[in-house]
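S.K.: Below: one structure in structure tokens.
The values are calculated or read from the model by the stated rules, or taken from the named source; none is laboratory data. The shown structure was predicted, so the numbers you read here are calculated from the model rather than taken from an experiment. Heads up, the Cβs are rebuilt from the backbone with ideal geometry, glycines too, and the neighbour counts pull from every protein chain shown. Keep in mind that these areas ignore ligands, DNA and RNA; they rest on the heavy atoms of the full protein, side chains included. Shrake-Rupley method; radii C 1.70, N 1.55, O 1.52, S 1.80 Å.
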Amino acid sequence: MSNPIVSPRPATVVRAAVRDRADPCTMVILGALGDLSSRKLLPAIYQLMKEHLVNEDFLVLGVGRDDAQTDDDFRAHMRQALNESDEIHGIDDELWEELCKRLHFVSADLTSADDYQKIAACLELIERKRAPEHRNRLFYLAVPPSIFEPIVRNLSKSGLAPRTRVADERPWTRVVIEKPFGRSLEDAQRLNDLVLGLFAEHQTYRIDHYLGKETVQNVLVLRFANSIFEPIWNRQWIHHVQITAAEEVGVGERGKYYEEAGVVRDMFQNHLLQLLSLTAMEPPAQMSANSVRDEKVKVLKSIRWLTPETIPDNAVRAQYTAGTIDGEHVPGYHEEKDVSPDSLVPTFAAVRLFVDNWRWNGVPFYLRSGKRMAKRESEIAVQFRSPPHMMFGQQTRESLRANTLVMRVQPNEGVALDFEVKVPGAAVALTSNIEIAPVDMEFDYAQAFGEVSAPAYETLLLDVMIGEATLFTRSDEVEAAWRVVDPLIQYWESNKPRRMPTYAAGSWGPREADELIEEDGVEWRDG
Ligand code: BG6
């Protein structure tokens, strides 16, 4: 896998094809002055413009609560967001001028039904040159979950987002909903009922930004566009799977949100279970939104339920204490802003899950995620079984590692396969005791393709514009994922730990997480 031969990519052809599919549309950002809009959406829009992936008649209407804000202020706000973005390296002045012309702003209180007339009037004005059948609208809810319900009701009631019967009806209206989608199974069901009472499923795009990441999509390609992996992708050849989403960052400014959420709602219900379902799903009949999502739902439904009896032996929670990351002292969770000093909200969890179906019977899936861990690293590691018979010397046998296929989600997106080789040299070539060492075959996206992969939001926004829903979570999928984590959240919230396990910031998690996996004779892959 090292030095892959990459034939010249027909990138321009691919891009032109995508652009041709992007209809004229107005992206209405509800909550345009917020953090998500500045950090993710505005940089993604700039990149899409830069790559000529949006339609020539693409407009943005920012909606926020600031009566003093004008179009020009919003443009300045956007410029600042681009300047501060890690994803944008140098702003092209010509492109910026072009983008500026497309940016508009209207102030509105999104919880007030009356204010939607202001939004409608503004849309009417900026879209006046567009034929009615081209007045496609993408409403992006970049708002806190607490005002999500009044907004969807108001969008519908005002007539701004009418329900459409079929996906290819024109003009289209699509509604993008950010996570968290509910805070429990019951809540998610209620929200789904509300949303699907107002809009059709084909209009609803529930975002899980992990699905926009290059390697996450590559899991499907790796598994189903190669014939060598699928025959061994089952309980006969795979010993276990480790899925890790480790973060270096702490809760930062989001203490208030995090105190309500905790790591299971924040990372497991969505990102980690998405990684699990892509790894474990059956091959879909085709690469279409419903085929892929049908298979993911089946996997989620096959995950063995956690119960109050099984949780203590299969799940560990913990909180970070002060420590050192990259040579810098960082505070513990209890010292973070807006966090209660006696909070029991977990910032780390490790869970052993089983997928009870024919393919995966008896194969443990170990999932872990935490804030303030040793380094930022998300990956899926598939560990194969050890050879059934060991013909090498005792010492060698003990040092042998089983083969592992690692799909690195971030950073350094890529794929690695490690395997054992003979250490060269006659001195160590005694037939009874050959010296063996592990080596890695590495595929690195940036090296192979000479470019950094597109940030997740860019991919996902483009998909909404072209009506491609494969990378978005369907209503039954969201509920199936909640069904997996709900018992764990409920159990932990109603059973206070006698002593909350802790881990020092900058470490790989608590000792209890090591013990959980070591019981099975396995170790976490660290670093
Ligand atoms: C978000 C969580 O969904 O994902 C954050 O709310 C987390 O708490 C983030 O930091 C991680 O995403 P990424 O892309 O930075 O790995």
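S.K.: Could you list, in sequence order, the residues of segment 377-391 that are within 14 Å of the ligand (Cβ to nearest atom) and modelled with pLDDT under 95?
M.R.: none
S.K.: A further question on this structure: Among (1) modelled with pLDDT of 85 or more; (2) under 15 Å from the mean Cα position of the chain (by Cα); (3) open to solvent by less than 30 Å² (accessible area, probe 1.4 Å), there is one condition GLU413 misses while meeting the rest; what is its number?
M.R.: Going through the list (1) modelled with pLDDT of 85 or more; (2) under 15 Å from the mean Cα position of the chain (by Cα); (3) open to solvent by less than 30 Å² (accessible area, probe 1.4 Å), GLU413 breaks only (3).
S.K.: Next question. If a residue has to be open to solvent by 40 Å² or more (accessible area, probe 1.4 Å) and not in a loop (DSSP other than H, G, I, E, B) to count, how many in segment 175-200 make the cut?
M.R.: The qualifying residues number 6.
S.K.: Here is a further query. One residue is enough: does segment 293-302 have a residue meeting the conditions over 27 Å from GLN203 (Cα atoms) and away from the ligand (no atom under 16 Å from the Cβ)?
M.R.: Within segment 293-302 (the criterion being over 27 Å from GLN203 (Cα atoms) and away from the ligand (no atom under 16 Å from the Cβ)), the answer is yes, since at least one residue qualifies.
S.K.: Looking only at residues that are open to solvent by less than 50 Å² (accessible area, probe 1.4 Å) and near the ligand (Cβ under 9 Å from one of its atoms) in segment 253-264, which one is farthest from ASP326 (Cα to Cα)?
M.R.: Only one residue tops the list, namely ALA261.
S.K.: Out of the residues in segment 485-527 meeting the condition of being in a loop (DSSP other than H, G, I, E, B) and within 18 Å of ILE325 (Cβ to Cβ), tell me which one is most open to solvent (accessible area, probe 1.4 Å).
M.R.: By that ranking, first place goes to ASP526.
S.K.: Moving to a separate point now. State which residue pairs qualify: first residue in contact (Cβ under 8 Å) with a residue 40 or more places away in the chain and inside segment 456-476, second residue among the charged types (D, E, K, R) and part of a loop (DSSP other than H, G, I, E, B) in any location, beta carbons under 6 Å apart, and separation of 6 or more residues or different chains.
M.R.: ALA456/LYS213; THR473/ASP208
S.K.: Still on this structure, please answer the following. How many residues does segment 473-506 contain that are under 22 Å from the mean Cα position of the chain (by Cα) and of a type in the set (S, T, N, Q)?
M.R.: Count: 2.
S.K.: Can you tell me how many residues within segment 201-218 are open to solvent by 10 Å² or more (accessible area, probe 1.4 Å) and away from the ligand (no atom under 16 Å from the Cβ)?
M.R.: Residues that pass the stated criteria total 2.
S.K.: On the given criteria, is ARG352 basic (Lys, Arg) and away from the ligand (no atom under 16 Å from the Cβ)?
M.R.: Yes.
S.K.: Considering each of VAL249, VAL221 in turn, give the residue that is hydrophobic (A, V, I, L, M, F, W, C), open to solvent by 20 Å² or more (accessible area, probe 1.4 Å) and within 16 Å of the ligand (Cβ to nearest atom).
M.R.: Unique residue meeting the criteria: VAL249.
S.K.: When you look at LYS157, is it under 25 Å from GLY64 (Cα atoms), more than 16 Å from the ligand (Cβ to nearest atom), modelled with pLDDT under 95 and open to solvent by 10 Å² or more (accessible area, probe 1.4 Å), yes or no?
M.R.: So LYS157 fails the test.
S.K.: Among the residues of segment 78-110, write down those that are part of a helix (DSSP H, G or I) and open to solvent by less than 50 Å² (accessible area, probe 1.4 Å).
M.R.: Hits for segment 78-110 are MET78, ALA81, LEU82, LEU95, TRP96, LEU99, CYS100.
S.K.: Then there is this: Could you check how many residues of segment 149-174 are touching a strand residue (DSSP E or B) at 6+ places or on another chain (Cβ under 9 Å), farther than 16 Å from LEU123 by Cα and not in a loop (DSSP other than H, G, I, E, B)?
M.R.: 2
S.K.: So which pairs qualify, if the first residue must be in segment 209-237 and part of a helix (DSSP H, G or I), the second must be hydroxyl-bearing (Ser, Thr, Tyr), the Cβ gap must be under 6 Å, and the two must be at least 6 apart or on different chains?
M.R.: Matching pairs, first to second residue: GLY212/THR459; GLU214/SER453; VAL216/TYR210.
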